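The values are calculated or read from the model by the stated rules, or taken from the named source; none is laboratory data. Here the structure is a predicted model, which means the values were calculated and not measured. Positions of Cβ are backbone-derived with ideal geometry, glycine not excepted, and every protein chain shown enters the neighbour counts.
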Ligand SMILES: Nc1ncnc2c1ncn2[C@@H]1O[C@H](COP(=O)(O)OP(=O)(O)OP(=O)(O)O)[C@@H](O)[C@H]1O
Ligand SMILES: [Mg+2]
């Protein structure tokens, strides 16, 4: 879908921002870029939609070199949520959302309909369509920014810290909504964040950057447990591990009762947990009660196996 081959870029002479970077974003991936401030995340995102040109190397979108794309067609294929939301203050929310459709020949009725559909998709009431950006909270604006990026139904969506201005609780809600949008609309997403937990929660592939280079990339398992880069190890560290325990569900590590040392059975279980809870709930329950294992039931109450501290370490992450 998006391919970078040996891409380098600098704004000023002798100050490379992106260094010989290679990256493939495949169709349907949710790629999260994470790294310290100034490492080149926004620059990389802007290169993906042609806002910044590389000095050398090749960028391909859907197999075709970026410079061969007609800019308007490219814009229709790539939605962009910019770092500071950037709604047009003089336009209503409805006009802001439908803005990307202005460059296409779309009737006013279709634009209105699309704005209505999208405002619902990002979890805001329809009456927000008539409001102006200064009447919205930071989090509401960020929802509108996401709706706007989806307006032309692009296959690729680039999001630059789209939840930066949202408090922790609303952040979780919006993250769940982004996951729902990603899963239901079948998009390819490249998402920038500073927040390690957000990266571990959202990314099907996590890319750790530093000083214009990719230090490590892979699934959350790779990033948390098998990183070969010292930088990525330090950067993700225990915070990444805790996030992992908070996000991965017990259902992914269930053991059969006879798979546990000591051959226990269902009848020995005094404590039970639901399979949909995160690992950290199971670990905490074991530690608080001084036991090594607890029973696991699914949401319907059916027994599905055990959660065992010993088995955890034997699992291949
Ligand atoms: N227009 C510009 N002219 C010159 N230097 C720039 C320009 N835009 C960005 N830079 C520099 O390029 C580097 C990378 O910037 P970029 O915005 O890509 O970082 P970032 O990883 O997105 O950081 P943040 O996490 O703070 O958003 C920084 O050192 C920045 O100062
Ligand atoms: Mg940035």
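Here is how the numbers come out for the structure above:
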| quantity | calculated |
| --- | --- |
| Single match in 174, 163 (criterion: under 20 Å from residue 37 (Cα atoms) and either more than 16 Å from ligand 2 (Cβ to nearest atom) or not in a strand (DSSP E or B) (or both)) | 163 |
| Subset of the stretch 1-42 (residues that are within 16 Å of ligand 2 (Cβ to nearest atom), in contact with a strand residue (DSSP E or B) (Cβ under 7 Å, 6 or more places away or on another chain) and without any contact (Cβ under 8 Å) to a residue 40 or more places away in the chain) | 11 |
| Some residue of the stretch 106-119 being surrounded by 15 or more Cβ atoms within 10 Å (Cβ to Cβ), away from ligand 2 (no atom under 16 Å from the Cβ), at pLDDT below 95 and closer than 25 Å to residue 207 by Cα | no |
| Residue, surrounded by the fewest Cβ atoms within 10 Å (Cβ to Cβ), within the stretch 52-85, restricted to residues that are within 16 Å of ligand 2 (Cβ to nearest atom) and either in contact (Cβ under 8 Å) with a residue 24 or more places away in the chain or outside the structural domain of residue 211 (by TED's automatic domain parsing) (or both) | 83 |
| Test result for residue 248, loosely packed, with under 15 Cβ neighbours inside 10 Å, free of Cβ contacts under 8 Å to residues at least 40 places away in the same chain and at negative phi | no |
| Checking residue 205 against (1) touching a residue at least 24 places away in the same chain (Cβ under 8 Å); (2) surrounded by fewer than 16 Cβ atoms within 10 Å (Cβ to Cβ), the condition it does not meet | (2) |
| Those residues of the stretch 199-217 which are within 11 Å of residue 30 (Cβ to Cβ) and not in a strand (DSSP E or B), in sequence order | 199, 201, 202, 203, 204 |
| Residues of the stretch 19-42 that turn out to be assigned to a strand (DSSP E or B) and either closer than 13 Å to residue 191 by Cα or at pLDDT 95 or above (or both), as a count | 10 |
| Within the stretch 7-18, considering residues that are part of a strand (DSSP E or B) and more than 7 Å from ligand 1 (Cβ to nearest atom), the one surrounded by the fewest Cβ atoms within 10 Å (Cβ to Cβ) | 15 |
| Among the candidates 264, 260, 283, residue that is touching a helix residue (DSSP H, G or I) at 6+ places or on another chain (Cβ under 9 Å), modelled with pLDDT of 90 or more and surrounded by 14 or more Cβ atoms within 10 Å (Cβ to Cβ) | 283 |
| Wholly enclosed strands (runs of 3 or more DSSP E) of the stretch 242-317 bearing at least 2 residues closer than 22 Å to residue 225 by Cα | 303-308 |
